[in-house]
Structure formats: C-alpha cells, structure tokens
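The values are calculated or read from the model by the stated rules, or taken from the named source; none is laboratory data. Quantities reported herein were computed from a predicted structural model and do not represent experimental measurements. So basically every Cβ, Gly included, is an ideal-geometry build from the backbone, and we count neighbours across all protein chains shown. Note: accessible area is taken over every heavy atom of the protein model, side chains too, but ligands, DNA and RNA are not part of it. Shrake-Rupley method; radii C 1.70, N 1.55, O 1.52, S 1.80 Å.
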Amino acid sequence: MASGYFLDGGMIPRSETRRIDERGEIRSSSTSSTAVLEFRGRKHVVRLVNVSGSGAMVIFPHQPNIGERLSLQLLDRGLVSSQVRWVKDGRIGLSFACPPQ
C-alpha cells in the first residue's frame, strides 16, 4: 500500500516530538557563518547553522529533494560533496560524502 508521501523535500509527519538529542557527534559552529551551496547549476550563499565531521545544517529558502547531491563550499574547510537528508522550515540537513579537511 502506498503511503502518499514523496521524497520531494517535504517532511514525513511525526506522531511525537523528539525528547532527546539523538546525534552521534558534536555539532560546532564554523569559523565562518556562511558557505556557498551549488543547487541545480546555480551558486547560493547560505547561512551555516552548524557543522560536524559528517554534515551540516544550513538555512536555504529553496526545496531540494531528499537524496539530492549538492556541493558545499565551506569557506574554512573547502569544497565537499553532500547529500540532502532532510528539509524543514527553510533549513536543510546535509551529510558529507567525505569529511571535510
């Protein structure tokens, strides 16, 4: 039976809110508060919310698809290939293909 939900960037609703932080690693602020995200052939300056060794959260007004691959230029760490993991309320969660140097 199909659920009616799609991987188009929309979130699948939760029945409960999260009560604990389930993150596997520490998030930290970047030395820069901005990065450059390449999205569908165009470059966008985005605001970094946080960065870890395996991903980042950025403020981004567009709706990428979950699973979409994007390049992120972290001004203090270099260019990293990433994949969209979630999209919600003008923010996106990205996981890095390889940890940035």
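Between W86 and Q73, full extension at 0.36 nm per residue minus the direct alpha carbon distance yields a gain of 2.8 nm. In this label model, V36 and C98 are separated by 2.0 nm, measuring between points 7 Å along each Cα→Cβ vector.
Normalised per residue, the accessible area of the stretch 50-101 is 49 Å², obtained with a 1.4 Å probe and no contribution from ligands, DNA or RNA. With the simple spin-label model, which puts each label point 7 Å out from Cα in the Cβ direction, the N65 to R47 separation comes to 2.9 nm.
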